[in-house]
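This report concerns only the one structure given below.
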Amino acid sequence: MPGTLRVQGYRQREAGARSRYSHRDLYGGVDDQARRFSAAYWHCRVYFPGLAVAVALCVSGIAQRGTTAMTVQLAACYEGTEPFPDAGGPPRTVAGAVRVAVTLAIVIVPFAGLGVAVWLAWGHGLRLADVLLATAFYLVTGLGVTIGFHRLLTHRSFTAAPALRVVLAIAGSMSFEGEVIGWVAIHRRHHAFADRPGDPHSPYRYGTSLPGQLRGLAHAHVGWLLRDDPTPAARYAPDMAADPAMRAVSAAFPALCAVPLGPPFGMGWAIGGWHGALTALLWAGLVRVTLLQHVTWSVNSLCHVIGARPFTTRRYDRATNLWPLALLSLGESWHNMHHSDPACARHGTDPRQVDISATVIRIFERLGWATGVHWPVPARLDCHRRDQGRPQAAPVLQDSEAPIPLAPCLTVNVVHYTVNSVARN
């Protein structure tokens, strides 16, 4: 009877956890197989340490094949402090080398433009026209990323009119941050494995020691772009891949990168001749791209290391709220709240938290262009809010999901069956 009660309690708690995180199916997250493997693995660590090592070695070896299933298993075995098992690396194929070369160009060319712009402005100052053009294009392309790529297409925080959906996807593509389908797939994968093996840009990839953290920050900011670790859109963004409009926008990405460079050049030429055209191209084109890129990447890196964690998140997810980035990120740096409730259309939910993206979504809603907006609900916020009495120094232990309990009556035969199942997959 006690054993039966334990089994029933385990199933009830597992069902509760599954209902709380039903969005995992969208992001390709931990499935039932990973739960069973996790229970078996942790039971082995306690009662059969030698067998646990064999299980880990088995998983690690198979993971070298790069299968999604093995990524799930590795995430289930993660303890929160150790470096991630190696996945990806320098490109070993011609296609991988080309992809990295293109990525380097997208990163380096705008940054070089920043250097030229500063050199030209040295001793002369900035023209008001350049500042206004740069601000306008930053807002258009930035909101294309934060509202279009992120809150609409990745998390489905609202439903947009078909024309608005396409316009936002085009605006986001002009940010030089990648084609829309790939961007969505990578971000959904990030949420599925936040700060665990499988996360493409976690700053905890190399562990939690100081050297590991510094190396991890560099990886999360820009290093991950140069690794051969592709994210399959068929798994993480099948809805996007099945959308003809999104496929067309994605295919047009190279042209869409060039489009926003033309208007600043033309406007600058009309205002100040060739010199005005050059400075407008630099500030409203390349400098704007550089700033937006690094603000976005700072959310990936800094907003998982520095800042406050007022809301509970999934186990080992260390997303933070970083207020100094709120204005430049258009509200994206309220990252802890976002990871606590990914489908919420507003990330800055507390008083005096600036969220320009949410304000624009509200305008779309009032114009009838956005419907079904998932606005924050006070009761839900209170449910996710971290107990103020707890210390916040150890976020790994402060997760809203209780640890998966050990499976009852687990035997060596059960573990042997689990290992064989993993090997077959």
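None of the figures in this text is laboratory data; all of them are computed from the coordinates on show. This one's a predicted model, so the numbers in the text were calculated from it and none came from an experiment. Every residue, glycine as well, gets a Cβ built from its backbone with ideal geometry; the counts of neighbours run over all protein chains shown.
Note down the nm distance, to one decimal, between modelled labels 7 Å out along Cα→Cβ at Ile108 and at Ala163.
4.3
Dividing the alpha-carbon radius of gyration of segment 99-230 by 2.2 N^0.38 Å (N being the number of residues), what value is obtained?
1.25
Sorting check: for 229-239, 321-331, which peptide has the highest mean count of neighbouring beta carbons within 10 Å, and how do the rest follow?
Those peptides, ordered most packed to least, come out 321-331, 229-239.
For segment 324-374, compute Rh as the Kirkwood radius over C-alpha pairs and then the Stokes-Einstein diffusion coefficient at 10 °C and 1.306 mPa s; write the answer in µm²/s, rounded to an integer.
142
If packing is taken as the average count of other Cβ atoms within 10 Å, what order do 273-280, 175-182 fall into, highest mean first?
Packing proxy ranking, top to bottom: 175-182, 273-280.
Placing +1 at every Lys and Arg Cβ and -1 at every Asp and Glu Cβ, with all other atoms neutral, what dipole size does segment 102-381 have around its Cα centre, in debye to the nearest 20?
Using Cβ point charges on Lys, Arg, Asp and Glu, segment 102-381 gives about 480 debye.
Please arrange Val295, Val102 by how many other C-beta atoms lie within 10 Å of their C-beta, fewest to most.
Val102, Val295
Measuring from the lowest to the highest alpha carbon on each principal axis, how far does segment 212-256 reach, largest first, in angstroms?
42, 26, 14
Extent of segment 229-310 along each principal axis, from alpha carbon coordinates, in Å, largest to smallest?
49, 40, 24
Please list the non-local residues whose amide H lies under 5 Å from the amide H of Thr313, H modeled 1.01 Å from N, same-chain partners needing a gap of 5 or more.
Ser400
Just to be sure I follow: if Rg is taken over the C-alpha atoms of segment 162-285 and Rh is the Kirkwood radius over the same atoms, what is Rg/Rh?
Looking at segment 162-285, the ratio lands at 1.11.
Compute the convex hull volume of the Cα atoms of segment 102-381, divide it by the residue count, and report the result per residue in Å³ as a whole number.
For segment 102-381, the hull spanned by Cα atoms encloses 144 Å³ per residue.
At 7 Å along the Cα-to-beta-carbon direction for both Thr135 and Ala379, put a label point, then send me their distance in nm to one decimal.
4.3
Sketch the reach of a paramagnetic label on Arg352 as a point 7 Å from Cα along Cα-to-Cβ, and name the residues of segment 294-308 whose backbone nitrogen lies under 20 Å away.
What the label zone holds, given the 20 Å backbone N cut-off, is 307-308.
What residue among Val373, Gly268, Trp183 has its Cα farthest toward the positive end of the dipole of segment 102-381, where the charges are +1 on Lys, Arg and -1 on Asp, Glu, each on the Cβ?
Comparing the listed Cα positions along the dipole, Val373 ranks first.
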